[in-house]
Amino acid sequence: MNTIPQQITYRHALAHQLGLTYLQYENLRYEFYIDWCTHLLACPPSGVRGLQLKTLTRHDTLINWYDDQWYEIVEQAIHRHYGQDISIYTPEEMLYLISLYAVNILDYYPSVLLKKITARTARTEH
């Protein structure tokens, strides 16, 4: 079964330009999510202490929050700035471009959600 052109999302176009399947693209995005989690743990915001990487990487709501940020800050920004012109980039250049946009997510975090995760983690440890 082939996907008709109207069904191809910009996310699919980015994956294609990177030379990846859609699943490989999702895995790449998850790698960026792990980097974000690592950054968060290295410089935790106030009120968020004692979390472990394993806790963050398995939290569905937090992953969904990151996916929303990725969509707006990475994919939509690239779409606004480059549109269909991404086809001129090599896969390596495309990965670099995505990395430049993804770095903008590092300083964002859902403070209320993180405090709930921290509180829940503290309750289960005692």
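Each residue in region 68-117 was checked for being acidic (Asp, Glu) and surrounded by 14 or more Cβ atoms within 10 Å (Cβ to Cβ), and 1 pass. Of the residues screened, residue 62 is not one that is farther than 22 Å from residue 25 by Cβ and in a helix (DSSP H, G or I). Here residue 49 fulfils each of the conditions (1) in a helix (DSSP H, G or I); (2) modelled with pLDDT under 95; (3) within 25 Å of residue 109 (Cα to Cα) apart from (1).
Checking 121, 55 one by one, the residue that is of a type in the set (Ser, Thr, Tyr), assigned to a helix (DSSP H, G or I), at pLDDT below 95 and closer than 25 Å to residue 25 by Cα is 55 and no other.
Among the residues of region 37-56, none qualifies, meaning not one is in contact (Cβ under 8 Å) with a residue 24 or more places away in the chain and closer than 29 Å to residue 8 by Cα.
Cβ separations smaller than 9 Å between residues 6+ apart or across chains give the following pairs from region 90-107 residues that are in contact (Cβ under 8 Å) with a residue 40 or more places away in the chain to residues that are of a type in the set (S, T, N, Q): 91/17; 94/17; 105/69.
The values are calculated or read from the model by the stated rules, or taken from the named source; none is laboratory data. Keep in mind it's a predicted model, so treat the numbers as computed, not measured. Neighbour counts run over all protein chains shown; Cβ positions are idealised from the backbone, glycine included.
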